[in-house]
């Protein structure tokens, strides 16, 4: 079996969903997805020549071929690794279809039949509005919710020094307390800081939130400095989660070895793909660190990532970031919603187990883009 073509389509959801198709001379077509970002599509098309004529089942060798050939374009991070990730997902889809087995069997089988999903609920500076949304989403069956930290616009905080005032911290704590009070005891709550705060104030905030027993506090400081994150993590009982801005197993090495975080959060269609995510999970498992993948994908990338989540022992929960996209489920063919009662049931069909609904995809194609042409 040989690769005959590589094509893309950009779907406009709440993010730009970069879908990838890899075609073969056997008629098997692999479907993948790359994380959104400027230049990703161009890089995928630039790699087409090195993939044509290759055996798509040599997934890891082709991954290395892409990484090494694109080294000059920065294949240790960024858009290049993201582009490679999208192709890699499609290659695993081809391989498992050719072997007539689900993708999870490519990674040793599954530990679980269902993947627990957390709902990203965004945020608001109004605690009561957050609590109202929390109750609504909890009623949809989700048992893990995440909100963003939002400080009221009336608070004049310096936009550059990353520092929080006492008033800022009290407001965030009030918001968390209000949300926590609206939820049942069986529902977990996470808080996302989006890398906004200084080390000292991240510690102050994490300590102020300890009484609310968060599942985690996410990305409290910028991702570049592992030593600073170690200081945050070891200074609080609030669990710290990070990782969505890191790439490949090498990007996670120091973070995991230094035990600088309590939970790692790779983004599967961004970090290097399915096998690279499995390697990161294995590395984390040697330190007994759980994995909670970041995920802003369409159903394609989400389901591909779910297969890896099923195959690793230290999986915790995976993100869903499209509550406000009513047609998210309709992008793939099938009966009923993909997420039911806050879980994804892993399909036993060959490949990633979902098929693109081309009619819906074309309806939501990004303006000016072609549909796999």
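Compute the Rg/Rh shape ratio of the chain: radius of gyration over Kirkwood radius, all on alpha-carbon atoms.
With Rg and the Kirkwood Rh in hand, the quotient comes to 0.97.
What is the distance in Å between the Cα centroid of segment 158-199 and that of segment 20-47?
38 Å
Taking only Cα atoms and a 10 Å spring cutoff, compute GNM fluctuations for the chain and point out the largest among 334, 13, 272.
334
Sort 142-151, 238-247 by packing, meaning the average of other beta carbons within 10 Å per residue, with the highest value first.
Top to bottom by mean Cβ count within 10 Å: 238-247, 142-151.
For a Förster distance of 30 Å, can you work out the FRET efficiency between the beta-carbons of residue 348 and residue 61, rounded to the nearest 0.05?
0.60
Treat each spin label as a single point 7 Å out from the Cα along the C-beta direction, and report the residue 42 to residue 112 distance in nm.
4.0 nm
Just to confirm the number: angle between the C-alpha axis of helix 78-98 and the first principal axis of the chain, 0 to 90 degrees, nearest 10?
Computed tilt is about 50 degrees.
Once fully extended, how much extra length lies between residue 26 and residue 231, figured as 0.36 nm per residue of separation less the alpha-carbon to alpha-carbon distance?
68.4 nm
Label residue 2 and residue 139 with points 7 Å out from Cα along Cα→Cβ: what is the distance between them in nm?
Distance between label points: 5.9 nm.
Would you look at the GNM of the chain, springs on alpha carbons closer than 10 Å, and say which of 267, 185, 213 moves the most?
Among 267, 185, 213, the largest mean-square fluctuation in the Gaussian network model of the chain belongs to 185.
Give me the angle, in degrees from 0 to 90, between the Cα long axis of helix 274-285 and the longest principal axis of the Cα atoms of the chain, rounded to the nearest 10.
Approximately 40 degrees, to the nearest 10.
At 7 Å along the Cα-to-beta-carbon direction for both residue 14 and residue 210, put a label point, then send me their distance in nm to one decimal.
3.3 nm
Top mean-square fluctuation among 70, 303, 50, Gaussian network model of the chain, C-alpha springs under 10 Å?
50
Tilt of helix 248-257 relative to the longest C-alpha principal axis of the chain, in degrees (0 to 90, nearest 10)?
In the chain, helix 248-257 runs at an angle near 30 degrees to the longest axis.
Could the peptides 312-318, 285-291, 132-138 be put in order, highest first, of the mean number of other beta-carbon atoms found within 10 Å of their residues?
312-318, 132-138, 285-291
We did not get these values from a lab; they are worked out from the coordinates using the rules stated. Just so it is clear, the model here is predicted, and its values are computed rather than measured. We place every Cβ from the backbone using ideal geometry, glycine too, and count neighbours over all the protein chains shown.
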